[in-house]
Structure formats: C-alpha cells, structure tokens
1. Please report the orientation-averaged projected area of the chain, defined via the convex hull of its C-alpha atoms, in nm².
2. One quarter of the convex hull surface, Cα atoms only: what value does that give for the stretch 385-517 in nm²?
3. Among DSSP bridges having both ends in the chain, what percentage is antiparallel? Round to the nearest 5.
4. What is the gain in length, in nm to one decimal, between GLU498 and ASP192 on full extension, counting 0.36 nm per residue of separation less the C-alpha to C-alpha distance?
5. Would you please calculate the Kirkwood hydrodynamic radius of the stretch 98-236 over all C-alpha pairs and express it in Å, rounded to one decimal?
6. R0 = 35 Å: FRET efficiency of ARG393 with ARG476, Cβ-based, nearest 0.05?
7. Summarise the long-distance tail of P(r) for the stretch 318-456 by giving the % of C-alpha pairs beyond 28 Å.
8. What full-extension length gain, to one decimal in nm, is calculated for GLN70 and TRP404 as 0.36 nm per residue of separation minus the Cα-Cα distance?
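Each value in this text was obtained by applying a stated rule to the coordinates, not by laboratory testing. All values derive from a computational prediction rather than experimental measurement. Cβ placement follows ideal geometry from the backbone for every residue including glycine, while neighbour counts extend to all protein chains displayed.
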Amino acid sequence: MRFRWPNTKRRCRRKMATDVILMSHPIPEGVLERPGRALADGDIVAFPTETVYGLGASAYRPEAVARIFQLKGRPSDNPLIVHLPSDEHLSDVVSVIPETFSTLYRAFSPGPLTYVMPKSDRIPDVVTAGLSTVAVRFPSQPTARALFEAAGVPVVAPSANVSGRPSPTRARHVLDDFAGRIPFIIDDGPCDVGVESTVIDLTSDPIRILRPGIITASDILEKTGLEAVPWTPDPDADRDAPPPSPGMKYRHYAPNAPVEIVDAPDAHGWVAAIGRHAAPGRRIAAFMSEAMWDDVRGAGVDRTLSVYTYPGPPDAVEATRHLFDALRTLDRQTPDIILAEGWTGEVASAYMDRLKKASAPRPPQEVLFVCTGNTCRSPMAEALFNARCGSDRVHATSAGMAAWPGMPITDAAVTALREVGIDAEAHRARQLDVPMLEAADLVIAMTAAQRDALRRLAPTRAERMLAVADVRTDGRDVDDPYGQALPAYRRARDMLSETMDAIRERAISMGSKSAPDLRA
Ligand code: TXA
Ligand code: MG
C-alpha cells in the first residue's frame, strides 16, 4: 500500500512528494521494484533495518552519496556504511578480506555487525570520506535485504536522521526529518534492536570495537573465540588526527531538551531524581519501564510528568529498543528536562553510549548578527539579544561585512541602548569571514540584500541565514542609522527589540550545526 506525503516544510528548497510504501509480509511480488530501481538510478530511499532506519543511495553514484551528506547536514569527514544482502559480491567493495571475516560473518551476519576492511577502488572516496577502509554491513531485516536485491548495487546508508538528532527507529521519525525531501520511505514498523550496529575494525589486531552496539565483545568471544577490544578516545591524542571511526567524535542522538541519566534502580531513586527537578512551571519528562512507572506512581510522585514507558519490567534490551523513540516523543512535548533510566553492564553498553552522548553538556547555540560596519545595528542586536534572551542555551555575537576591526560602537548606539538599561560601550567592530558564517548556528542579517550576499559567501549554510525581515510580520529591513541622529538609532533599536524572541525561537529550534569533539 502506498500513500503520498506532501512537503509541508516552508523553507525547503527542493520540494517533492514522498511516497511512503507500507510493507506487509510475506513481501508482495514487485513492491520493491520501484524503490530498487530508484536507488540504482541515483535516487534516495529510506528503508528499515533491524537496528535503525537508513537513508540509502547507490554506493556507485557519487552525486547521490553527496546528496545524502547534504540532506543530513553530515560533516564530510564522517564515512558511510556500505550495505550488501550477502558476502557474495563482497570483493566489489573490499580489496582485501581479512582472515577473521569469514568466522565473524558465519557467527553474526546477516545482523547488526559492521566490518571495517580495506576498500576497493570501485568505492568512491566520498563514501569513505577519503579513508582507505570501508565499513560493510549485511542487515538481517527482510525488507532491507529484498530492497538491496531489487537495487542490484551496494547501498550506502547512514541512519535516516538529520545529523545530531536521535536516530530513527520508526518510519514516522524519518518523515519528521525528511518528508518532502526524499522520494521514498519504506515503512516496515518499529526496528527490533533500536540502536545502530556494532562497528568493528578488522584491520587491527586485536579487532577493535569502534562503535558499541547490541553485539558485544563477550558475544564475539563466546561465538568465535576472537578477542575484540573497545576503542576508547585517547585524551592525549593529537586533536587534529582523525579518530579511527570519525562518527564517534560528533555529539549525536540529542533531543532539544537537556537529558539527565537517572541511576535509579528502584522507585525511590526515581522519586528523588524527580524531586530534585521539581519547581513551579518546570516540565519534567521521564523514560522508564511500565512496571517501574507503576511503582513510582505508587510512591506518590507528582502527576504532571510526561512519561514514556516501555512494556514490562526494567530490561536493558527493551529499553534500548525504545530509547530513540522515547527521546523523540518526549522532546515533542518541549520539556525542560528529560530524565532517562541508566543501566550498567555490557548488554547496556550501546544504550549507555547513546544516552551519555544525548546528555553531554552542549555549548549554547550561537546567533551571529551581521551588518555593514559592526558599529551600529549588529552590535545593538547582539547586546539586546544577550540582555533579553541570552542563556546557557543561546548566545549572540556580531560582525560586519565591511568593518574596521577595533572601531568602537557609535555613541548614538551606546545612548540608545543605555536608554533601555543596556551597557554596550565596550563593543569593538569585528570583520566577518566565512569560517564565522559556517560556525554560527543562525546568522541574522539586517537586510534581505545582506542575507543574499551572505548566502553566496557560504552556500551550504544558506538555510541558516535569515534577514530580520524574515522573522518580522511586516517583512521590513532594519535601515542603517549610521551618520543620523539619535531617533534613527532608536527606531533601529525598537525594530530589533521586537524580533528578539522570534530569533531566539528560531535559534533553538534549529539545533546545533555541528557537535563538539568528544575526544577532549
Ligand atoms: O545500524 C547501522 O549501522 C545503521 C543502519 C542504517 O545500517 N547505519 C548507521 O550509519 O548507523 P551511520 O552513518 O549513522 O554511522 C556509521 C558509523 C559512523 O560512526 C562512521 O564514522 C563509522 O560508522 N564508519 C563508517 N566507515 C568507516 C570506516 N571506514 N572506518 C571507521 N569507521 C567508519
Ligand atoms: Mg548515525
């Protein structure tokens, strides 16, 4: 069964209807022909796997692979996994098959294990981000396997989420991030595992676990006799040297709300954690098992919590299955904090890896205000923003497109700000450059013409660049008061002041553009 999901996102540049293909089992004849052909022809298809949903493209189509990076907003130094239905055509993808591979393949594939091996020349560099190795996986999910057969090409697929967001474990999550931007989503219900595959490096001895997943070092030892050691970032390592698995350095899996891990084996621990956050008007969300929630409720906790429960008693595997859905579902209710159950033990290592990343402290979102000289409008905007909306979640800076670095803010701007209780006398002009544009989470230009010029300077960041007019209901630019008397400065100040809350909302809803390096 198919239905079309129209694009409803306003600022999307490439609009299309997304076909959602609902699967049934046994898989009806021919149902995957169209998406299979689309993949082979260079289109993008989101599909289920047993771990998470993937955003697929043909590994042999560099332009389609590049589109995946663009769609996800994924840093180009983070390589993709190549998916195959079986090891039959492995030599198309890999140049040398390490000795350990066949033992591991027999024990764990098809399944949630990804092997890093030397890459073949047929795999374009864009897939591996220039590395000499390639990651290969053989999913067990029947629809994924049938799709790869229909495509007849190796399929690259990162998790089908916008970079930094929790990975998708339901087709609904993929729609949330990509409706109207990709032609096909195959919906085969919730994913069984719930976290991404274990990634192991077969080019090292012993084998290294680059990313923990549901298959653990103990599983590997028990089923194959092979030793696998976890890769842990070396704090003394050269920060510019690439880590063995580049994806592990980025902050992932993060909802907008802050996340706190509750190491609470019983209801009393939960009640205490909830109590620590209870404050008037503060909205608390929580993720735990159904049985634990019954106990917590029985212990007489405040009922205004938003709660996501997974079925049954506390269980690490079940918690893992529901983790990303819980983070996404609870985040939609815009809580002030999400409390999530903590686990110990190897079986929970993937769950805790993702949860720790989701709860890592995050730097504030940066709003960069831009005008011409950085002595009137943009420093006023910066000062107004930080005074009214600045917090540990969002912070403003400013720069000028033609600034004299070090030039003081104009006297009239200082006066206009002083009238509303803000001291900005210490501001000095900064010259704008492209790295500043690329580093900011949201760039706000004073006029539409400036916004257009900035978009030409850093085209990949265009969606994060707006004019004040874009967030005003009257669509007006902020005119330059330079050289004019105080009333012109007051007008600029008041126009800017009116837009600050809307800019703050935009900045927070935008999410972080890039994540800090976790090797520190
Ligand atoms: O379960 C999964 O693995 C899912 C499903 C869709 O298959 N895919 C997935 O892909 O999680 P992605 O792109 O979100 O994560 C791939 C991870 C990243 O951490 C990346 O750095 C690492 O694999 N990786 C890919 N190629 C690599 C290579 N040649 N060497 C080391 N790490 C590699
Ligand atoms: Mg991912």
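1. Working: hull surface 106.2 nm².
Mean projected area for the chain: 26.6 nm², to one decimal.
2. On the way: hull surface 34.1 nm².
That works out to 8.5 nm².
3. Numbers: 22 of 66 bridges.
Taking every DSSP beta bridge with both residues in the chain, the antiparallel ones total about 35 percent.
4. Values: separation 306, 0.36 × 306 = 110.16 nm, distance 4.81 nm.
The span from GLU498 to ASP192 would gain 105.4 nm if fully extended.
5. Values: mean 1/r = 0.0602 Å⁻¹.
Result for the stretch 98-236, one decimal place: 16.6 Å.
6. Computed FRET efficiency for ARG393 and ARG476: 0.80.
7. 40 percent
8. Difference between extended and current length: 116.8 nm.
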